[in-house]
Amino acid sequence: MELWYLLAELGNTKGLEYKLKEGEDVNKLDGEQLSALHHAVRLNQSEAATLLLQHQAVVDIRGPDHRTPLHYAARCRTKLRESNSETELVVDLESGMQVEQFQDKEDGSVGKVEVSSMVELLTSYGAEVNASDKYGQTPLHFAAMTGNIGAAAVLVKDCGACVEIEDNQQMTPLIVASTYGYLDMVQLFLKAKANPRHVDSSKQTALHRAARGGHLVASTLRRTIYS
């Protein structure tokens with residue numbers, strides 16, 4: 001990996017600043033069509049992402065499959081866990097890859113980083129909340145796929161993301177969340193007036209998909225539909 005993108009992934013702001021002063025193109029893409037901002041966001045490096053945005057990184061720059069940095073921010077979840085008496089920060093990505101950081105601060109501790117703050121950062125710079133990728137999926141679809149309730153709440157409540165938007169299979173975020181059985185996500189979308197009767201291209205509703213997966217969210221959907 002080229003140093004420029006590695007610096008973004010590592011959150012090395014001093015290195016990024018040095019490269020920018022040397023005239024590095026903040027929006028250039030690597031061989032995978034990812035920008036430095038994509039790399040920083042994928043690894044939840046908020047300080048690096050902020051620096052890049054301050055230096056005119058295009059907030060909605062398109063990467064693989066026409067995805068924006070906000071797509072990556074929405075699908076990424078953080079959680080803290082205890083391991084061998086040390087706090088370990090684990091970032092789960094859609095690919096299933098885990099990136100672990102130990103003793104990230106000078107005092108040896110690891111700070112809690114909220115992915116929802118990355119969503120807030122990008123949207124504060126004007127990121128398009130309803131941007132669709134090659135498959136018609138928006139950041140809200142991505143949050144629904146991974147159960148990222150923090151990101152979904154910000155997108156829906158604070159940014160006005162459309163809960164009825166369809167992907168290329170006519171699946172709404174509610175149908176996606178129901179497919180994976182994320183109860184809190186389903187409740188969020190229903191409160192935002194998502195249509196539980198919407199039918200996707202396979203003629204299935206959110207209830208069909210939830211019941212098929214044996215998920216508890218099916219009872220919530222039934223109560224909403226038949227109340």
### Query
Do any helices (runs of 4 or more DSSP H) entirely within the stretch 126-212 hold 1 or more residues that are under 28 Å from Gly63 (Cβ atoms) and β-branched (Val, Ile, Thr), and if so, which?
139-146, 149-153, 173-180
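Would you pick out the residues in the stretch 104-123 that are surrounded by 13 or more Cβ atoms within 10 Å (Cβ to Cβ) and either modelled with pLDDT of 95 or more or polar (S, T, N, Q) (or both)? I'd like the intermediate steps shown before the answer.
Looking only at the stretch 104-123, we keep the residues that are surrounded by 13 or more Cβ atoms within 10 Å (Cβ to Cβ), and these are 104, 110, 113-123.
Answer for the stretch 104-123, where residues must be surrounded by 13 or more Cβ atoms within 10 Å (Cβ to Cβ) and either modelled with pLDDT of 95 or more or polar (S, T, N, Q) (or both): Ser116, Ser117, Met118, Val119, Glu120, Leu121, Leu122, Thr123.
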### Message
For the stretch 118-159, give me each residue that is among the hydroxyl-bearing types (Ser, Thr, Tyr) and in contact with a Pro (Cβ under 8 Å, 6 or more places away or on another chain).
### Response
Thr138
### Message
Checking the structure you have, find out if any residue of the stretch 14-21 is assigned to a helix (DSSP H, G or I), surrounded by fewer than 16 Cβ atoms within 10 Å (Cβ to Cβ) and in contact (Cβ under 8 Å) with a residue 24 or more places away in the chain.
### Response
yes
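Against the definition (closer than 21 Å to Val129 by Cα and either touching a Leu at 6+ places or on another chain (Cβ under 9 Å) or modelled with pLDDT of 50 or more (or both)), how does Leu80 come out, yes or no? I'd like the intermediate steps shown before the answer.
Values: closer than 21 Å to Val129 by Cα: no; either touching a Leu at 6+ places or on another chain (Cβ under 9 Å) or modelled with pLDDT of 50 or more (or both): yes.
Criteria not met by Leu80.
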### Task
Name, by its number, the condition in (1) out of contact with any strand residue (DSSP E or B) (no Cβ under 6 Å at 6 or more places or on another chain); (2) closer than 15 Å to Ala74 by Cα; (3) in the same structural domain as Val41 (by TED's automatic domain parsing) that does not hold for Asn148.
(1)
## Note on the structure
Among the residues of the stretch 159-217, the number that are farther than 16 Å from Gln137 by Cα and of a type in the set (D, E, K, R) is 7
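Condition first: in contact with a His (Cβ under 8 Å, 6 or more places away or on another chain) and surrounded by 24 or more Cβ atoms within 10 Å (Cβ to Cβ). Now tell me which residues in the stretch 139-164 satisfy that.
Pro139, Phe142
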### Summary
Taking the stretch 214-227 and keeping only residues that are in a loop (DSSP other than H, G, I, E, B) and over 24 Å from Ala151 (Cα atoms), one is left with Gly214, Ser227
### Task
Output the residues belonging to the stretch 183-203 that are touching a Ser or Thr at 6+ places or on another chain (Cβ under 9 Å), closer than 24 Å to Asn168 by Cβ and not hydrophobic (A, V, I, L, M, F, W, C).
Asn195, Pro196, Arg197, His198, Asp200
### Summary
Note on the stretch 194-227: residues farther than 21 Å from Val156 by Cβ, surrounded by 12 or more Cβ atoms within 10 Å (Cβ to Cβ) and either under 24 Å from the mean Cα position of the chain (by Cα) or among the aromatic types (Phe, Trp, Tyr) (or both) are Gly213
### Message
Could you list, ordered by first residue, the pairs with Cβ atoms under 8 Å in which the first is in the stretch 212-227 and farther than 12 Å from Gln187 by Cα and the second is surrounded by fewer than 16 Cβ atoms within 10 Å (Cβ to Cβ) and among the basic types (Lys, Arg), at least 6 apart or interchain?
### Response
Ile225/Arg197
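The values are calculated or read from the model by the stated rules, or taken from the named source; none is laboratory data. Note that the structure is a prediction, hence the values are computed from the model and not measured. All Cβ positions, glycine included, derive from the backbone under ideal geometry; neighbour counts span all protein chains shown.
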